[in-house]
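Enquirer: Sharing a structure, written as structure tokens. Questions coming.
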Amino acid sequence: MAFFLLLLVPAGLILPFVFAGRAVGVPARAGGPRLADSHVWLRTAGFAQAAIALGVYTWGLLHVTGAVMSAEDGGTNSIPIPPCRTPGWEQRAEGITGYRVEYMPLRFVCETDDIGDYAVSVPGYVNPVFFFLGLGAAVCFTVTALDSDGSRKQDVTRA
């Protein structure tokens, strides 16, 4: 699990900057903001939303990575694992059996044998922001792709 996080976190730290660069570069390649058409602005919006969505997801991954590192640390005072010590943990300390990481939705889950599993460590806004901005980016790219296919067919029939 920790190895998978070691792959995701560096990618998550790089990709938002790649998408942000694309968001800035698309109107620049079109001749500037004044010459940009709706396709350019939709692609720019899609890349900007993708950059923010990946940045927020990476922020959540950093929280999960910190929780995993804290859970794997061991040593004195490591039972129950520190990330699972939420308010009221003293009552359920003996029931905490382990943890797992879920990537969709992103969360660090403390497993218990008596009261049910519960999620900790990831800020509450990470998953909704990632979902809605990712959906917005997908819609922008889909509309641009579908519209550009239709305009290409019209250009071919005119020639």
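The values are calculated or read from the model by the stated rules, or taken from the named source; none is laboratory data. Since the model is a prediction, treat every value here as computed from it, not as a measurement. Cβ coordinates were reconstructed from backbone atoms using ideal geometry, including for glycine residues, and neighbour counts include every protein chain displayed. Just the protein is used for accessible areas: all its heavy atoms, side chains included, with ligands, DNA and RNA removed. Shrake-Rupley method; radii C 1.70, N 1.55, O 1.52, S 1.80 Å.
Enquirer: Count charges around W41 for me, please; just the other residues with Cβ under 14 Å from its Cβ, Lys/Arg as +1, Asp/Glu as -1.
Expert: Details: positive: R22, R29, R34, R43; negative: D37, D147.
Charge balance in the 14 Å sphere: +2.
Enquirer: For S38, S121, write out the residues from largest to smallest accessible area, computed with a 1.4 angstrom probe and no ligands counted. Walk me through the numbers on the way to the answer.
Expert: Numbers: S38 75, S121 45 Å².
Descending accessible area places them as S38, S121.
Enquirer: Kindly sort F132, F47, F17, F141 by accessible area of their heavy atoms, largest first, with the probe set to 1.4 Å.
Expert: Values: F132 135, F47 25, F17 160, F141 65 Å².
Descending order: F17, F132, F141, F47.
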